[in-house]
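J.: Right, I'll just put the structure down here and ask away after.
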Amino acid sequence: MNSKETISNDGPGSSSGPSINTDEIRALAVNSGFSKAGVVALPHAHDVRDARRFSDWVDAGRAGTMQYLKRTNPEGELVRARVSTPFEWARSAIVCLANYNSDQPKSTDPTSPNAAWIARYAWSSRIDPQRGRVPSDYHKVLLKRLKALESQLQERYGEFESRAYVDTGPVVERSLAVAAGLGWSAKNACLIHPKLGSYVFLSVLITSLDVVAEGTVLSVPDRCGSCTRCIEACPTNALFTPYQMDATKCISYLTIEHKGEIAPELMQGMGRQVFGCDICQDVCPWNRKAPVAADPELAARENLVNPALGWLADLDEQSFERAFNGSPVRRAQYGGLRRNVAIAIGNAFAAGHCDARLIERLRAWSHSEDEGIRTAAEWALSQLEIRGSTAENR
């Protein structure tokens with residue numbers, strides 16, 4: 001027998017090809033730059049249950065306008081519900097974690113009332129020999145590492161079918177991570193690793209390789225206990241019940257994925273979050289002692305930590321591109337970020353903080369042809385009027 005091969009698992013759908021050893025894969029993943037990794041044979045033990053949960057979530061309208069989550073195959077099956085739907089050849093999933101925690105302040109810490117919040121994961125940067133510190137996109141950084149891992153596996157096991165994804169493929173990464181023993185799905189719908197917490201990126205390599213029989217996955221028990229801090233802290237009630245998240249109310253969805261107008265009742269709850277939201281993670285006890293990452297390709301850009309609303313409001317399209325080219329923040333697009341900044345300014349006004357220069361900016365935006373920007377600016381100006389009326393009546 002080839003030295004690269006071991007006997008495959010018995011059971012339905014077993015192949016006669018090589019089988020991978022989980023301990024070896026974990027070591028290779030760490031050597032490729034990941035913090036942790038796990039391997040699970042497919043279909044995994046809760047494959048049917050997880051597919052049903054995902055389908056129910058989509059059917060309930062929780063996915064909002066994210067059409068890619070609703071994509072079906074010719075048979076009408078949701079492509080993302082089960083790995084076997086798009087990839088009939090899939091026999092295993094290698095799930096890798098990358099820690100992105102930093103020692104910077106949290107979104108729940110006191111800060112200037114004229115400061116905005118950009119989600120922690122979008123602060124990433126690296127040092128360029130010619131240009132100094134420049135933005136980095138975790139998708140590209142981690143996909144490169146995943147491809148390096150894939151190449152190492154091909155050297156050991158020969159050619160095999162595979163797909164590598166970092167938030168871009170038809171897979172539910174969190175479900176696979178839980179199945180691979182990397183943590184549990186928490187009440188805020190995030191994966192929590194018992195040592196790294198929830199500030200982790202998930203990367204998945206789907207392969208046609210079997211998993212060696214000795215590689216049994218030990219599941220991590222749910223350790224949320226009676227804690228409901230994430231649910232209580234969510235300002236838009238997106239976490240409407242434990243373990244359930246309504247994306248249509250989630251600040252991350254509203255500031256990034258959703259295009260156009262945002263309902264006034266949700267704008268009020270968005271606070272000064274202009275790209276993503278960390279609130280449910282920042283209040284989680286499991287992140288209190290989470291280790292700080294030391295990843296030179298994902299280091300925090302300090303100028304994105306609590307950035308000034310004035311700076312963000314002054315960005316024209318060219319300066320937006322200069323500031324965020326190569327950064328996840330570009331996903332919101334220039335118009336989307338301006339809409340979000342208008343809402344953040346409105347919430348600053350509602351809290352009693354008024355900057356005359358920002359008022360003029362909102363007045364200009366209130367005439368925008370972009371409905372999302374226009375309605376956000378109009379709402380923000382109304383907060384100033386409400387605040388003024390309240391003060392006069394005191």
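The values are calculated or read from the model by the stated rules, or taken from the named source; none is laboratory data. Remember, it's a predicted structure, so these values are computed and weren't measured experimentally. Using ideal geometry, Cβ is built from the backbone for each residue, glycine included, and neighbour counts are taken over all protein chains shown.
J.: Take the residues in segment 65-89 that are under 23 Å from Lys249 (Cα atoms) and not hydrophobic (A, V, I, L, M, F, W, C); name whichever of them is surrounded by the most Cβ atoms within 10 Å (Cβ to Cβ).
T.: Kept after step one, since they are under 23 Å from Lys249 (Cα atoms), are these residues of segment 65-89: 65-71, 78, 80-81.
Filter once more, so that each one left must be not hydrophobic (A, V, I, L, M, F, W, C): 65, 67-68, 70-71, 80.
Details: Thr65: 13, Gln67: 8, Tyr68: 11, Lys70: 14, Arg71: 11, Arg80: 23.
The extreme case among them is Arg80.
J.: Examine segment 215-237 for a residue that is surrounded by 23 or more Cβ atoms within 10 Å (Cβ to Cβ), modelled with pLDDT under 95 and in contact with a helix residue (DSSP H, G or I) (Cβ under 8 Å, 6 or more places away or on another chain), and state whether such a residue exists.
T.: No, there is no match, as no residue in segment 215-237 is surrounded by 23 or more Cβ atoms within 10 Å (Cβ to Cβ), modelled with pLDDT under 95 and in contact with a helix residue (DSSP H, G or I) (Cβ under 8 Å, 6 or more places away or on another chain).
J.: Looking at segment 367-394 only, could you name the residues that are polar (S, T, N, Q) and modelled with pLDDT of 75 or more?
T.: As a first pass, look at segment 367-394 and keep what is polar (S, T, N, Q): 368, 375, 382-383, 389-390, 393.
Scanning segment 367-394 gives Ser368, Thr375, Ser382, Gln383.
J.: Which residues, counting only those in segment 32-64, are surrounded by 13 or more Cβ atoms within 10 Å (Cβ to Cβ), part of a loop (DSSP other than H, G, I, E, B) and either at pLDDT below 95 or not hydroxyl-bearing (Ser, Thr, Tyr) (or both)?
T.: Gly33, Phe34, Leu42, Pro43, His44, His46, Arg62, Ala63, Gly64
J.: Of the conditions (1) under 23 Å from Glu150 (Cα atoms); (2) under 23 Å from the mean Cα position of the chain (by Cα); (3) aliphatic (A, V, I, L, M), Val58 clears all except one; give me its number.
T.: Going through the list (1) under 23 Å from Glu150 (Cα atoms); (2) under 23 Å from the mean Cα position of the chain (by Cα); (3) aliphatic (A, V, I, L, M), Val58 breaks only (1).
J.: Something else about it: Determine which single condition Leu239 fails, assuming it passes every other condition in (1) in contact with a Cys (Cβ under 9 Å, 6 or more places away or on another chain); (2) more than 27 Å from Asn306 (Cβ to Cβ).
T.: (2)
J.: On to the next question. Just for segment 311-320: of the residues that are more than 20 Å from Pro105 (Cα to Cα) and in contact with a Leu (Cβ under 9 Å, 6 or more places away or on another chain), which one is surrounded by the fewest Cβ atoms within 10 Å (Cβ to Cβ)?
T.: Ranking the qualifying residues of segment 311-320, first place goes to Leu315.
J.: Residues Asn303, Asn287: which one is more than 26 Å from Gln383 (Cα to Cα) and modelled with pLDDT under 95?
T.: Numbers: Asn287 fails: modelled with pLDDT under 95.
Step by step, each of Asn303, Asn287 is checked, and only Asn303 is more than 26 Å from Gln383 (Cα to Cα) and modelled with pLDDT under 95.
J.: Taking the conditions exactly as written (over 17 Å from the mean Cα position of the chain (by Cα) and surrounded by fewer than 16 Cβ atoms within 10 Å (Cβ to Cβ)), does Arg133 satisfy them or not? Please lay out each step first, then the result.
T.: Values: over 17 Å from the mean Cα position of the chain (by Cα): yes; surrounded by fewer than 16 Cβ atoms within 10 Å (Cβ to Cβ): yes.
Criteria met by Arg133.
J.: Yes or no: segment 324-332 includes at least one residue that is in the same structural domain as Pro242 (by TED's automatic domain parsing), free of Cβ contacts under 8 Å to residues at least 24 places away in the same chain and surrounded by fewer than 18 Cβ atoms within 10 Å (Cβ to Cβ). Spell out the reasoning first.
T.: Filtering segment 324-332 down to residues in the same structural domain as Pro242 (by TED's automatic domain parsing) leaves 324-332.
Subset that is free of Cβ contacts under 8 Å to residues at least 24 places away in the same chain: 330.
With surrounded by fewer than 18 Cβ atoms within 10 Å (Cβ to Cβ) added as a condition, the list becomes none.
No, there is no match, as no residue in segment 324-332 is in the same structural domain as Pro242 (by TED's automatic domain parsing), free of Cβ contacts under 8 Å to residues at least 24 places away in the same chain and surrounded by fewer than 18 Cβ atoms within 10 Å (Cβ to Cβ).
J.: Output the residues belonging to segment 44-59 that are of a type in the set (Lys, Arg) and within 17 Å of Ala180 (Cβ to Cβ). Let's see the steps before the verdict.
T.: Residues of segment 44-59 that are of a type in the set (Lys, Arg), as a first pass: 49, 52-53.
Matches in segment 44-59: Arg49 only.
J.: Sticking with this structure for a sec: Has segment 141-150 got any residue that is farther than 15 Å from Asp167 by Cα and touching a Lys or Arg at 6+ places or on another chain (Cβ under 9 Å)?
T.: Looking only at segment 141-150, we keep the residues that are farther than 15 Å from Asp167 by Cα, and these are 148-150.
Applying the additional criterion that residues be touching a Lys or Arg at 6+ places or on another chain (Cβ under 9 Å) yields none.
Scanning segment 141-150, I find no residue that is farther than 15 Å from Asp167 by Cα and touching a Lys or Arg at 6+ places or on another chain (Cβ under 9 Å), so the answer is no.
J.: Just name the residue that is farthest from Leu205 (Cα to Cα) out of those in segment 164-177 that are touching a His at 6+ places or on another chain (Cβ under 8 Å) and among the hydrophobic types (A, V, I, L, M, F, W, C). Walk me through how you get there before you give the answer.
T.: As a first pass, look at segment 164-177 and keep what is touching a His at 6+ places or on another chain (Cβ under 8 Å): 166-168, 175-176.
Filter once more, so that each one left must be among the hydrophobic types (A, V, I, L, M, F, W, C): 166, 176.
Details: Val166: 9, Leu176: 11 Å.
Ranking the candidates gives Leu176 first.
J.: Looking at segment 318-375 only, could you name the residues that are acidic (Asp, Glu) and either farther than 21 Å from Val305 by Cα or touching a Pro at 6+ places or on another chain (Cβ under 8 Å) (or both)? Please lay out each step first, then the result.
T.: Of the residues in segment 318-375, the ones acidic (Asp, Glu) are 321, 355, 360, 369-371.
The answer is Glu360, Glu369, Asp370, Glu371.
J.: With the condition kept exactly as written, say whether any residue in segment 345-365 is of a type in the set (Gly, Ala, Ser), touching a Lys or Arg at 6+ places or on another chain (Cβ under 6 Å) and modelled with pLDDT of 95 or more.
T.: No, segment 345-365 contains no residue that is of a type in the set (Gly, Ala, Ser), touching a Lys or Arg at 6+ places or on another chain (Cβ under 6 Å) and modelled with pLDDT of 95 or more.
J.: Filter segment 90-104 down to residues that are surrounded by 15 or more Cβ atoms within 10 Å (Cβ to Cβ) and assigned to a loop (DSSP other than H, G, I, E, B), then give me how many there are.
T.: Just the residues of segment 90-104 that are surrounded by 15 or more Cβ atoms within 10 Å (Cβ to Cβ), to begin with: 90-102, 104.
This time we only want the ones that are assigned to a loop (DSSP other than H, G, I, E, B), so: 90-91, 100-102, 104.
Qualifying residue count, segment 90-104: 6.
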